[in-house]
Amino acid sequence: MYTQKLRLDGRVAVVTGGGRGIGLAISEALAEFGARVIIADIDLDIARAGQQRLANLGHEADIRAVDVTKPQEVEELAAALVAEYGKVDILVANAGIARSGTAAEDVTDEHWLHVNDVNYNGVFWCNRAFGRHMLKAGRGAIVNIGSMSGYISNRPQKQTYYNASKAAVHQMTSSLAAEWADRGVRINAVAPTYIETEMTSYRHDNDGMIEVWLRDTPMHRMGKPDEIASVVHFLASDASSLMTGETVLVDGGFTCW
């Protein structure tokens, strides 16, 4: 009974930004449990690399190009996938950017708008487009990728724009979940700590940054993409069937202090 709750056989799952980093680990996890995965990315070369990685592990995946900041592209992608596969059961809105390290007084309009357009607007466009089809089907699971930065102010790097965008994702998740809960669509979010990916590679260019991060983390380590993917898989599966509107912190204890 409990093993079956974790299976995703016959389900169609879309992962935005699913070709590398946390997104690729999520794609692997969902595919391993039986889902048919579509990697949706703005860069098809990255998507192809992710597709090859899954193929090397024995999993099939499809790829699609999408810019999540363009709502019409997102709507067209959702419609095309539903037309091709008959449904989309799972959406993981993972695509995001950081552009970290700029003080608030130095942030340009372009910088602010770009980060929020990807991290917040893009997540909503995806939730709205795929959510419409899920609501018609009376079933679906959405997992948004937020951040512990939606709860805390990071140090030593300055990133008000990023923190604000992720806090907005958490609030949007709970609000949408409340609207759609009685119509068969569940929406949850995952809020990771610092994860070993290309997005956090900038720490190597900042003396002492990694030491501060590890000092502020009770586990005294960064996370790995598979540790986030495991939680996303749980939230996408029937094992979490009573959960909606939650943002699950996966932060090595960072927010305990």
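The values are calculated or read from the model by the stated rules, or taken from the named source; none is laboratory data. The model shown is predicted, which means the values in this text are computed figures rather than measured ones. Positions of Cβ are backbone-derived with ideal geometry, glycine not excepted, and every protein chain shown enters the neighbour counts.
Worth pointing out:
- The requirement of being without any contact (Cβ under 8 Å) to a residue 40 or more places away in the chain and of a type in the set (D, E) is fulfilled somewhere in the range 54-66, by at least one residue.
- Here R53, R64 are screened, and the one residue that is surrounded by fewer than 21 Cβ atoms within 10 Å (Cβ to Cβ), touching a Gly at 6+ places or on another chain (Cβ under 9 Å) and of a type in the set (K, R) is R53.
- Number of residues in the range 96-116 that are aliphatic (A, V, I, L, M), within 23 Å of the chain's Cα centre (by Cα) and in a loop (DSSP other than H, G, I, E, B) equals 2.
- Matching option when the condition is of a type in the set (S, T, N, Q), buried (at least 18 other Cβ atoms within 10 Å of the Cβ) and either more than 21 Å from G184 (Cβ to Cβ) or in contact (Cβ under 8 Å) with a residue 40 or more places away in the chain (or both), among T108, T69: T69
- Verdict on L91 being out of contact with any helix residue (DSSP H, G or I) (no Cβ under 6 Å at 6 or more places or on another chain) and either crowded, with 19+ Cβ neighbours inside 10 Å or within 21 Å of N144 (Cβ to Cβ) (or both): no
- Each residue in the range 19-48 was checked for being farther than 22 Å from S237 by Cα and either of a type in the set (S, T, Y) or in a helix (DSSP H, G or I) (or both), and 5 of them qualify.
- Residues in the range 1-18 that are buried (at least 21 other Cβ atoms within 10 Å of the Cβ), small (G, A, S) and over 16 Å from G122 (Cβ atoms): A13 only.
- Candidates D89, D41, D9, filtered to the one that is charged (D, E, K, R), at pLDDT 95 or above and under 14 Å from A129 (Cα atoms): D89
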